[in-house]
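J.: Next up is a structure, given as C-alpha cells.
The values are calculated or read from the model by the stated rules, or taken from the named source; none is laboratory data. Keep in mind the model is a prediction, meaning the values are calculated, not measured. All Cβ positions, even for glycine, are placed from backbone atoms using ideal geometry, and neighbour counts span all protein chains on display. Side chains are part of the model used for accessible areas, which takes the heavy atoms of the whole protein and leaves out ligands, DNA and RNA. Shrake-Rupley method; radii C 1.70, N 1.55, O 1.52, S 1.80 Å.
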Amino acid sequence: MDMDAFVPEFIRKSWPGLEMESLCGPGPGWIDRAGDLVVVDGDLNWSTPECAGSGIDSFDVKPGVYPVYAGSVDLGEDPGQARYYVTTLFVALAAADELADSTWDFDESSALRIDGYACLWSDRAERNMPVESLVRFKESTLSTGVLSRRGPWIDEVTDPDSGANVMVFPVADNRVSTLKALNGNGELLALLYLTWSP
C-alpha cells in the first residue's frame, strides 16, 4: 500500500469519527508529504524552541527514518494573498497496512504552547542546532514569501554525522494536542499533531 496515497485519506476519514471539527475546525485543505525525519536517539519532539518552558510534546520512538505529512490551510484574509499555515502534522512510524488497522488514543499529557512556528526533530538534531540557525529558520518560515506557498518548508540536517534533521513549519494557532495511533498491543504506530486556538 502506497503511504503517500494512504495518509491523506486516512486522516480525512478519521476526522469526523474523532469529532475533531469541534476542537480544531474543518480538516486541512491539503495534506502533503513534507519529507522524512531522521531519528537517531529514539526521542522525537514537536515544539517552538523559545516556548519550551510551556511544554514539549516528546515521544520515545525507535531510531529510524519516518515519513512526515503536513496538513495546511490558507488563512489569508485578502483575495489573492495566500498565507499557508500547517494545522496538522502526521508522522508515520509503521507501514500503511499496520496503520489501517490501528485505533486512535488522545495523549492526555500533550497541551503545549507554540508561537508562529514549530520544529519537528529528535533530541540529537536539537542538541546540534546553533542558535543563529533557529533565528534564521524563524525569520524564513514566517516571511511573506514562504507563507504565500504551500511548502516545501525547511528541512535541514543539523548533525551531519548521523543525518539527524529538523523540519520547521509555520503554525498560526497556539495550542497543540496529540493523537497516537496504536495497534492491538498498545504499540505506537503514528503521531498526529493538531493545532487549535483556546
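J.: Could you give the size of the charge dipole of the range 149-198 about its Cα centre, using +1 on the Cβ of each K and R and -1 on the Cβ of each D and E, expressed in debye and rounded to the nearest 20?
T.: In debye, rounded to 20, the range 149-198 gives about 360.
J.: Which one, PRO170, LEU18, TRP121, projects farthest toward the positive side of the charge dipole computed for the chain from Cβ point charges (K/R +1, D/E -1)?
T.: It is PRO170.
J.: Over the chain, with every protein chain in place, what whole percent of the accessible area is carbon and sulfur at 1.4 Å, could you tell me?
T.: 48
J.: Continuing with this model, one more query. Please name which of LEU147, GLY80, MET3 has its Cα lying farthest along the dipole of the chain towards the positive end, using unit charges on Cβ (Lys, Arg +1; Asp, Glu -1) and the Cα centre as origin.
T.: Final value for the positive-end residue is GLY80.
J.: Another question, if that's okay. Convex hull volume of the Cα atoms in the chain, per residue, in Å³?
T.: 118
J.: Determine which lysines satisfy two conditions relative to LYS62: a Cα distance under 16 Å, and not lying fewer than 8 residues away in the same chain.
T.: Reachable lysines: LYS180.
J.: For the chain, modelled as a Gaussian network with Cα springs under 10 Å, which listed residue fluctuates most, ALA164, ALA100, ALA70?
T.: ALA100
J.: Taking the alpha-carbon set of the range 53-102, what are its Rg and Dmax in Å?
T.: For the range 53-102, the Cα-based Rg and Dmax read 15.9, 44 Å.
J.: Ok, one more. Jot down the per residue volume, in cubic angstrom and as a whole number, of the convex hull over the alpha-carbon atoms of the range 141-198.
T.: 129
J.: Sticking with this structure for a sec: What is the local net charge at ILE114, summed over the other residues whose Cβ is closer than 9 Å to its Cβ (Lys, Arg +1; Asp, Glu -1)?
T.: That works out to 0.
J.: Relative contact order of the range 42-198, please, whole-number percent, based on alpha carbon pairs below 8 angstrom and at least 6 residues apart. If you can, show how the numbers build up before the last one.
T.: Details: 333 pairs, mean separation 46.3, N = 157.
Computed value for the range 42-198: 29 percent relative contact order.
J.: Let me ask another. Along its three principal axes, how long is the range 10-83 when you only count alpha carbons? Whole Å, largest extent first please.
T.: Cα spread of the range 10-83 along its principal axes, largest to smallest: 44, 31, 24 Å.
J.: Please work out the average accessible area per residue across the chain, using the 1.4 Å probe convention, and give it in Å². Please list the in-between numbers first.
T.: Values: 9200 Å² over 198 residues.
Accessible area per residue, the chain: 46 Å².
J.: Give me the one-decimal Kirkwood hydrodynamic radius in Å for the range 62-166, with the sum taken over alpha-carbon pairs.
T.: One decimal place: 16.1 Å for the Kirkwood radius.
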